[in-house]
Amino acid sequence: MKKRFVSMFLCAALSIGMFGAMSYEAKAEETVEIQFLHTAWVPAQLEILERAIADFEEKNPGIKIIETRSSWTDAPSQIMTSIVSGTAPDLIMCNTSMLAEYRGIGAIADLSTLVPEELINSFLPSAKAMITTEDGKIDGLPQEGCNWALFYRKDLFEEAGLDPNKPPKTYDEFLEYAKALTKDTDGDGVIDQYGYAWPVQAENASDYWVQFMQMCGADISTYDEGKWESRLSDETAIKGTQLMVDLVQTHKVTPDSVVDYDWEAVTNAFVSGEVAMMQNGAWVTGSVAEKGPDLDGKWGTAVMFDGPDNTVYRGYPNTFNILEASEHKEETWKFLDYFYNTPSDIEGLTIAGAFCNAAGGMLYSEDFIQYAKENYDEKLQPFLDEVDYCMIPPLDPSWQSLTSMYGNSTVQQMLMGSVSVDEGIHMLDEKLKEFHGE
């Protein structure tokens, strides 16, 4: 699923002659073809990629990059089929679930001897965590990513007697605000304004559930002595799950209909005033402005409130990965090296940074964050303020199977009250242990 930052500087990324003069000599006398399957689709991003490839090939006449464009929907099965059939590409883009799956079957190449330590150290902790395997090897590079933060209606804060310039910073404060913002505004005995909501439809259910657990200090699934172990029976995981469910079932500050909300439905509810606060991705700042032009000045964004036991934010990158089956790992790495280390004509950004910026995404590096803090819109600043405390989802390959087969539906059932937290967690813990062979 493609997540988009709003940026004022996309046009700059399209100017001609953006790439610096880094070159390599081709070792092979014959042309080496690198098969590159990617999911880039934003026109400005594709423009940067096409010129990067052309410039790289000009400087490396012994290497040619053959593109295959796919979608985030089709790419997972397309890549898996190619791996099984022995026709795998050399270079791919992965999201978190793809990375966990391909890593789990040994399909991703170890790049530890290729990626310079200086480059690794330029990435933020959440990005380093994404590209580091369970046994400490480096098997990719972070690319476009996104953060999720708190959106709040300043006008509804004022109506509820809350300071519109002081969004909640702690969980207790958040809950107090959410209760004050939950109202029967027309006096018909039915609540029509809720304090808080987040996306719970489809795969979103487990994604946000992870953060509720992490806010209570849960590890969820850990890797030790060569195997993954479920931690869903830990008190911290149960506490985080209960925290989530209580917003609907006990405190009633979130509507039952939240189980039908994807990111856009929550955005629509926020714009219409059905919910006063929501957690959503950085690209939604543009959607709110577009959907609710009359709300200008009446809403804001803020760093997500602290959990009861942990300060943790959703925010992590997708990755570039070279597949183990590639016969041209060194040549493929040359392209990535060029991509990440060649300056663009956007001051402060490499080609990789410009590529992420053009798609509306974030490159999780110190240089990119510095650029964004100096150039991004005011409403995007809270997302940037979160980057040092972002935590990635479990990269346990079995976690992806659990969530798709059982987790998403069980989270929805717990929120609707048809399954208790104890029942739901116990079942999911047992299923994850079965997947692990525990």
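Quick one: with all protein chains in place, what share of the accessible area of the chain is carbon or sulfur, to the nearest percent (1.4 Å probe)? Solvent-exposed carbon and sulfur of the chain make up 47 percent of the total.
Principal axis extents of the C-alpha atoms in segment 69-114 (largest first, rounded to whole Å): 31, 23, 20.
Modelled this way, with points 7 Å down the Cα-to-C-beta line, the labels at Glu117 and Ser77 are 4.5 nm from one another. Of all lysines in the structure, the ones whose alpha carbon falls short of 21 Å from that of Lys379, not counting any fewer than 8 places away in one chain, are Lys2, Lys3, Lys154, Lys166, Lys169, Lys291, Lys298. Direction-averaged shadow area of the convex hull around the Cα atoms of segment 228-272, nm²? That works out to 4.5 nm², a quarter of the Cα hull's surface.
Listed peptides 135-142, 357-364 appear in the order 357-364, 135-142 once ranked by packing, highest mean of other Cβ atoms within 10 Å at the front. The angle separating the long axis of helix 75-85 from the principal Cα axis of greatest extent in the chain is about 50 degrees. Comparing Pro293, Cys356, Ser233 along the charge dipole axis of the chain, the residue lying farthest to the positive side is Pro293, per the Cβ-charge model.
With both labels modelled 7 Å from their Cα along Cα-to-Cβ, the Ile66 to Trp41 distance reads 2.4 nm.
Were the residues from Gln370 through Thr87 laid out at 0.36 nm apart, the gain over their Cα-Cα distance would be 97.8 nm. For Ile65, the residues 5 or more places off, or on other chains, whose built amide H falls under 5 Å of its own are Ile34. Computed with a 1.4 Å probe over protein heavy atoms only, the accessible surface of the chain comes to 41 Å² per residue.
Here the sum of -39500 (n - 2.57) over DSSP H runs of 4 or more residues, divided by the residues of the chain, equals -12000 deg cm²/dmol at 222 nm, to the nearest 500.
If you look at the Cα atoms of segment 203-249, you get an Rg and a Dmax of 11.4, 40 Å. Here the gap between Glu378 and Ser272, fully extended at 0.36 nm per residue and compared with their Cα-Cα distance, gives a gain of 35.9 nm. Counting only Cβ charges, +1 for Lys and Arg and -1 for Asp and Glu, the dipole size of segment 161-302 around its Cα centre is about 300 debye. Here segment 349-407 is treated as a Stokes sphere of Kirkwood radius computed over C-alpha pairs; at 20 °C and 1.002 mPa s its diffusion coefficient rounds to 159 µm²/s. Between 0 and 90 degrees, the angle of helix 43-59 with respect to the longest Cα principal axis of the chain falls at about 20 degrees. Potential lengthening of the chain between Asp219 and Ile105 amounts to 38.8 nm, from the contour at 0.36 nm per residue minus the alpha-carbon distance. Relative to the dominant Cα principal axis of the chain, helix 329-341 is inclined by about 60°. Computed from backbone phi, the HN-Hα couplings of segment 124-139 come to 6, x, 5, 6, 4, 5, 5, 9, 9, 6, 4, 9, x, 8, 9, 10 Hz, rounded to whole numbers (Karplus: 6.51 cos²θ - 1.76 cosθ + 1.60, θ = phi - 60°; Gly and Pro given as x).
If I take R0 = 56 Å and measure r between the Cβ atoms of Tyr171 and Ala54 in this structure, what FRET efficiency does the formula 1/(1 + (r/R0)^6) give, to the nearest 0.05?
0.65
Applying 1/(1 + (r/R0)^6) with r as the Cβ-Cβ distance of Lys298 and Ile191 and R0 = 30 angstrom yields a FRET efficiency of 0.90.
The values are calculated or read from the model by the stated rules, or taken from the named source; none is laboratory data. Bear in mind that the values here come from a model prediction, so they are computed numbers and not experimental data. Every residue, glycine among them, receives a Cβ derived from its backbone with ideal geometry; neighbour counts consider all protein chains shown. Heads up: the accessible areas ignore ligands, DNA and RNA and are worked out on the full protein's heavy atoms, side chains in. Shrake-Rupley method; radii C 1.70, N 1.55, O 1.52, S 1.80 Å.
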